[in-house]
1. From Cα pairs below 8 angstrom and at least 6 apart in sequence, can you work out the relative contact order of chain A, rounded to a whole percent?
2. Choose one answer from A:ARG222, A:ARG330, A:ARG50: the residue with the largest mean-square fluctuation in a GNM of chain A with alpha-carbon springs under 10 Å.
3. Along the Cα-to-Cβ line of B:PHE152, 7 Å from the Cα, sits a label point; which residues in region B:89-113 have backbone N less than 19 Å from it?
4. Report, by chain and number, residues whose modeled amide H sits under 5 Å from the one on B:THR154, excluding near sequence neighbours (fewer than 5 apart, same chain).
5. Residues with amide H under 5 Å of A:ALA256's amide H, sequence separation 5 or more or different chain, H placed in the peptide plane at 1.01 Å from N; which?
6. Return the tail of the calculated pair distribution for region B:1-142, meaning the percent of Cα-Cα pairs more than 19 Å apart.
7. Apply the a/c threshold of 1.5 to the C-alpha gyration tensor of chain B and tell me whether it is rounded, prolate or oblate.
8. Taking H placed 1.01 Å from N in the peptide plane, check which residues at least 5 places from A:TRP182 or on another chain put their amide H under 5 Å from its amide H.
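Any read-out appearing in this document is the output of simple, stated calculations on the displayed coordinates, not a laboratory observation. Everything quoted here is computed from the prediction, not taken from an experiment. Cβ atoms come from the backbone with ideal geometry, glycine included; neighbour counts cover every protein chain shown.
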Amino acid sequence: MTATATRAEGREARAPFFQTFLSRHGGMMPTFAAIAILLVLFAGAEAFLRGDFITPRNISALLLDNAYLMVLAVGMTFVILTAGIDLSVGSVMAFTGILGAKLLADGLPVAIVVPAILLGGAAIGLMIGILVQYFNVQPFIASLAGLFLGRGLAYVVSLSSIRVEEPAILWLQSTRLRLGDWYITPTGIIALGAVAIAAFVLHFTRFGRTIYAIGGSEQSARLMGLKVARTKVAAYVISGLCAGVAGLVLTAYSGAGYPRNGIGTELDAIAAVVIGGTLLTGGRGYVLGSMVGVFVYGTIKTIISFMGAEQSWMQIIVGALLLLFIVVQRAIVARSEGRR
Amino acid sequence: MRTMWRHRLFWPSAALVTLIVVNTIARPNFIKLTLRDGDLYGALIDILRNSAPLMLVALGMTIVIATRGIDLSVGAIMAVSGAVALTIIDGSDDPGNIGTVLVAVVAAVLVSLVLGAWNGFLVSVLGIQPIIATLVLMLAGRGVALLITGGFITTVNSQPFSYIATGYLFVLPFAFFISVAAIAAVALVERRTALGVLTESVGINPEASRLAGVRSRSIIWGAYMVSGTLAGIAGIIYASNIRAADANAAGVFIELYAILAVVLGGTSLMGGKFSIAGTVIGVLIIQTLESTILFLGVPSAQSPVFFAIVVVVVVVVQSPRLRRALTRLSASRSGGGGEPPTADNPKQKAEVGR
């Protein structure tokens, strides 16, 4: 990528600023497109609903309602950047959520339950990572095993939903830190914090650069002497850990653990990451883009419920958006390959 | 003996036989067949009958995987196909008429064919990764099915329609004959014509096959159309079994079980060589395992844990690392008579190829 950038710089030294920017940051274009779509959605909804859409309450609720999805998307970004995929996150979230609810119902203190939730998620991630890295299993199949395991274990913990009455967990959801009409809950802070930490790790640490390098070309990364094995396993552990955090957030959000939670949520998370401009072939993308992707997803959902349309439209619109983004990405990749 | 060991269907068949033997020991009723009113009943017959939808989907999946693709949308296509068939039957004046049912079935299969062609278009013409291209329909398909049924679970009371899944022809279930017909058709077309070899060549190296004059685009496109059509028929069987079109529940997770069946049967997800017999055995293993889990009194919701264990065991046994360790072990025991450890492993090679 660096080589392409410098060569393009030489050729287009006198080109207008905009063109230089485009050729240097071609990889950012899908993310900008996602931001543009988000703005169009906001503007469209505002016009359509005659100024009732962009209110502090709605925007704050957007973060609140999609906090768990954002945490999942952050973990998924790590895995997809290494050119992998993690199908297990939805069911791992259900498993950790119901596990937490069950442990709390058994009277264990929060100080034990929360680490147990996080460890449970990370352990399934570790299993997937080891299968992928050391047994050469395709990420799709390895995380499929994780999906089955998480969903099955969720039902092993409990077949029905368990209410959570622990005040410390409910506090995560019920506390509203207000600034005028704006508010944010601790779950929202957790989600934004996950994004911030992930952005820092991906862009300012050796580990993050290794993640991008693996996605660009695993063979080259290995030949460069980067710690490929460790980093790849770590990516899946991070995704599992994020699923654990999401389980905690969702349990706080719904006030209960339920083993049927999160069926198909892995697809929502993948869709959000792709809409946010991360390439599924790995090596290109931004965790901030994934955040935008989650907001696009959440906004569509809000608009549909505002319009009172059927929820089935949600699936169709998200599918169509996904298609749009894939075709755009495909065009961008084809262009950059053609230049090489 | 050694050649039998090496045969690629040895391990899947051994697993299936082991499962059946274990079941028979645990409950002697398992292999007992009873003839009632000229129809056969029994646990084995149930397995054959209930495996029909998964069999059809897995057959299509085998062809798609052979072209180095994957089709995640089969569950959604099942939902759409069931919704189309039931809406037509429900809307007609005479739901019990065979003609009505035939029209409904043909329409549902045609819609599935179109959906399969859409997947094929995205993959072969636009060149989108198969996982993502079919993810679009997987997400949107259920929404479409819900729109068709108007958000309700459409139920019908139609004798000819419920015959598809629950009726008997001669002494065996009709659904079993559907899956046998599908197996025979796919096996004939893929193995008695050059199409199978061409499909494998596209899966092994699409670019080289194209340069060698194989029309890889049409072959890939065709694979997705076959997969879509078979999924559509599977959706009709599913809907006929419960006499309802449930857009949210039809074919949930079936893509995962189908992929699992294909992998169990020894077809690599990297594309290329495929085994139809292997897929058939894989489907039967899954269905037998499910029946075993039910017999053990485990709530069916918890059965994914068993499948997770099966997946992990299968992929670890198939992994080059364990194979190499075993070869080394047997070589050191027999005094270095085994194969030399091979340095190339298929995954790395594939990565270089990409």
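1. Answer for chain A is 32 percent.
2. Maximum fluctuation in the GNM of chain A, among the listed residues, is at A:ARG50.
3. Hits in region B:89-113 for B:PHE152 at 19 Å: B:89-96.
4. B:ALA245
5. A:VAL164
6. Counting pairs separated by more than 19 Å, the tail of P(r) holds 69 percent.
7. Because a/c hits 1.5 or more and a/b fails to exceed b/c, chain B counts as oblate.
8. Excluding prolines and chain starts, which carry no amide H, there are no hits.
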